[in-house]
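These notes concern the structure reproduced below.
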Amino acid sequence: MPNTPALPAAICFDLDDTLIDDLAASSVGLRTVMERLGHPDFGSARALWDTQTEISFSAYLRGDLTLDEQRRQRVRALALQAGHSDLADHHCDELYRMYLDGHRSGWQVYSDTFPVLNALSSAGYRLAVLTNGIESLQHAKLQALELTPYFHAVVCADTVGAGKPDPRIFHTTAQRLGVDPGACWHVGDQIQADAVGAVASGMRPVIVDRQAREPVEGVTTLSDLDGLLRMVGLSSSMAATGLL
């Protein structure tokens, strides 16, 4: 008979594009900045913004850039694509504030987020958020969207001093949950940050791929969070009907 993986004692969740639709929110913010810059092409702007964000934010996590420097670098790349060069720091900062305001107006959870968190909480699972996002911003999202009460811990890269896929942030999360990493599953949307980091730390990775990308062999991949409930033998309707 095939080996059945042991059920977890605790489950960690990435936040952006796993529980919260950050793609939609960031698109609102991006369009706000594009309008100010007179940028006409959302497709090229989106591709550039995503690429530059990966480069600049990774440099921030390594300690090579400050938070403000990586934000300015991203804005300058977008401005240059729109035909504007040599933006002063204060102009970059103003544009990024506009981005954040637009982003904040677009915060929303996925339709499966609350049913899944309700079912897992009712079943007694200890839950955590494990994110590379900025702590102040991530806590603001959790509070605004009424997600905070579900989690025993919220662990962010800027306060731990290490970001995914560094095993240290995974180990810190397990410690705060009071479990061994091997008894914890980590649920996220990124192969490198979430799956590779989870494996390196001793956790079991589960990827939620809402974009229908090419699956990676050996990594459990789900199309939505409901699949996570099936993995632990639950359903979202059980919590709603009081069967847990």
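Readers should treat all values here as calculations from the given coordinates under stated rules, not as data from a laboratory. None of the values given here were measured: they were computed from a predicted structure. Cβ sites come from the backbone with ideal geometry, for glycine too, and all protein chains shown count toward neighbours.
Here are the numbers for the structure shown:
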read-out: 11 Å cut-off, amide nitrogen to a point 7 angstrom out along D50 Cα→Cβ, residues in the stretch 201-237; value: 211-213
read-out: Euclidean distance of C-alpha centroids, the stretch 34-57 and the stretch 90-152, integer Å; value: 22 Å
read-out: At R0 = 30 Å, FRET efficiency that the Cβ-Cβ distance of A140 and A6 yields, to 0.05; value: 0.25
read-out: Sites matching trypsin sites (Lys or Arg not before Pro) across the stretch 118-224 that sit in DSSP coil, with at most 13 neighbouring C-beta atoms within 10 Å; value: R213
read-out: Anisotropy class of the stretch 23-105 from Cα gyration tensor, a/c 1.5 cut; value: rounded
read-out: Shape metrics for the chain, restricted to C-alpha atoms - Rg then Dmax, Å; value: 18.9, 65
read-out: Helical segments meeting 18 Å axial Cα length and Kyte-Doolittle 0.0 threshold in the chain (DSSP H); value: 22-37
read-out: Added length on full extension, which subtracts the Cα-Cα distance from 0.36 nm per residue, V216 to D68; value: 49.8 nm
read-out: DSSP bridge orientation in the chain - percent antiparallel, rounded to nearest 5; value: 5 percent
read-out: Neighbour-count ranking [beta-carbon atoms within 10 angstrom, fewest first] of H139, H171; value: H139, H171
read-out: Gained length - W107 relative to R168, 0.36 nm times residue gap less alpha-carbon distance; value: 19.1 nm
read-out: Estimated [θ] at 222 nm from DSSP helical runs (n ≥ 4, -39500 (n - 2.57)) normalised by residues in the chain, nearest 500; value: -15000 deg cm²/dmol
